[in-house]
Amino acid sequence: MAEATQIQNRRTSVDMIFDHLYGEIVSLALLPGNKISEAEIASRFGVSRQPVRDAFSRLEGMDLLLIRPQKATEVKRFSIREMNKSRFVRAAIEAEVLRRAAAQCDRADAKRLDDCLERQAEMVAKSDYKTFGALDYEFHKTLCEIAGVDFAFEVISSEKSKVDRLCLLGLAKEDRMPELLNDHREIAKHIKEGAPELAVKAGMDHLGRLDATIETISTHHADYFDP
C-alpha cells in the first residue's frame, strides 16, 4: 500500500511540474534558449530530482526542451526544418478537411462557424491574443467536426502545437489578429457556400501567414532559432 501511494504521489508531482513548465514555455514566460535547472525546479516544488527528470522527458518528447548530457537543459529553439515539416503535414490534412466541410456544411454548422467568428472578433476588440489563440484551435476543431472527421483534429492540433510559440510571438508583437480573423471569415464563407476548392485556397493562404511571422521574428530575434 505504501509503495502504491509513493507511485501515485510521484505521478502527481510529475504532472504538476509538467503542467507548470508547459504553461511557462507555451505562454513565453520561458523563451527559446532559456536555461532551466533540474535542481532549481526540484527545490521550488519540494521534490526529488526524479519527478523533475520525468517532467523534463515529457517536455523533450513534445519538442519543447533540449536535454544534453553534462550541459544545461534549455527551452528548445525554433527549427525551420521542423516547422516546414509540421506545416507540410498540417496542410495536407487541412485541405481534405476543408473539402469535406464544404460538402457537408448545413445551416446548424454555419451557425457554429458564425459563433466561433463572433467570439474571435470580441477578442480582437479586446486585444486579447492569448484567448484568440485558444479560439483559433476551437475554429479548426469545429471545421473537423463539420467535415465528419473529428479525429483529424488530433493530427492538426499536434502539428499546430509545434509552432504555437512562434504564432503567439507573432500575435503579440505584430497585432496580426485582425488579419487572421479575416482569414477565418474567408474560410467560413466558402465552407458555407459549399465551395471546396475556394475553401482550400483560403486555408492554404491562412497557413502561409506564418512565413511573414518567421521572417519578422528571425530578423529581430535570431537567437530564438537554431543556428
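Here, each number is a calculation from the coordinates, and none is a lab measurement. Computed from a predicted model, the values in this text were never measured in an experiment. Please note: Cβ atoms are built from the backbone with ideal geometry, for glycine as well, and neighbour counts cover all protein chains shown.
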> Arranged by the count of other C-beta atoms within 10 angstrom, fewest first, what order do F225, F153 take?
Replying inline: F225, F153
> Most exposed first by the Cβ proxy, i.e. fewest other Cβ within 10 Å, how do V149, V200 rank?
Replying inline: V149, V200
>> For R77, what residues show an amide H to amide H distance below 5 Å, using hydrogens built from the backbone and excluding near sequence neighbours?
In response: G33
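Can you give the FRET efficiency to the nearest 0.05 for D106 and D211, using r as the Cβ-Cβ distance and R₀ = 35 Å?
On the way: r = 34 Å, r/R0 = 0.98.
Using R0 = 35 Å, I get an efficiency of 0.55.
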> How many lysine pairs in the range 122-227, separated by 8 or more positions in sequence or lying on different chains, have Cα atoms less than 22 Å apart?
Replying inline: 15
> For the range 2-75, which semi-axes, largest first and in whole Å, follow from the square roots of 5 times the eigenvalues of its Cα gyration tensor?
Replying inline: 22, 13, 11
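What is the calculated FRET efficiency for L31 to K201, with r their C-beta to C-beta distance and R₀ = 41 Å, to the nearest 0.05? Don't skip to the answer; put the middle values down first.
On the way: r = 35 Å, r/R0 = 0.85.
The calculated FRET efficiency here is 0.75.
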> In whole Å, what is the distance between the alpha-carbon centres of the range 103-118 and the range 9-70?
Replying inline: 40
> Over all Cα pairs of the range 100-197, how is the pair count split among 10 Å bins, expressed in % and running from 0 up to the last occupied bin?
Replying inline: 16, 46, 33, 5
> Please state the equivalent ellipsoid semi-axes for the range 155-227: what are the square roots of 5 times the Cα gyration tensor eigenvalues, largest first, in whole Å?
Replying inline: 27, 13, 10
> Tell me, what ³J(HN,Hα) does each residue in the range 145-151 have, in order and in whole Hz, if you take phi through Karplus 6.51 cos²θ - 1.76 cosθ + 1.60 with θ = phi - 60° and put x for Gly and Pro?
Replying inline: 5, 5, 6, x, 10, 4, 5
> Residue by residue, what Karplus-based ³J(HN,Hα) values in Hz, rounded to whole numbers, does the range 179-184 have, using 6.51, -1.76 and 1.60 with θ = phi - 60° and x for Gly and Pro?
Replying inline: 5, 5, 4, 4, 4, 4
> In 5 Å bins starting at 0, how do the alpha-carbon pair distances of the range 118-171 split up by percent?
Replying inline: 5, 19, 26, 21, 18, 9, 2
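Which net charge results for the neighbourhood of R185, defined as the other residues with beta-carbon distances under 12 angstrom from its beta-carbon, given Lys and Arg at +1 and Asp and Glu at -1? All intermediate terms of the calculation are to be shown ahead of the outcome.
Working: positive: K189, K192; negative: D114, E118, E179, D183, E186.
Spelling it out: positives minus negatives among the neighbours equals -3.
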> Cα gyration tensor of the range 42-152, axes a ≥ b ≥ c as square roots of the eigenvalues: rounded (a/c below 1.5), prolate (a/b > b/c) or oblate?
Replying inline: prolate
> Under the Karplus relation 6.51 cos²θ - 1.76 cosθ + 1.60, θ = phi - 60°, what is the ordered set of whole-Hz ³J(HN,Hα) values for the range 81-94, x standing for Gly and Pro?
Replying inline: 4, 5, 5, 5, 4, 4, 5, 4, 4, 5, 4, 5, 5, 5
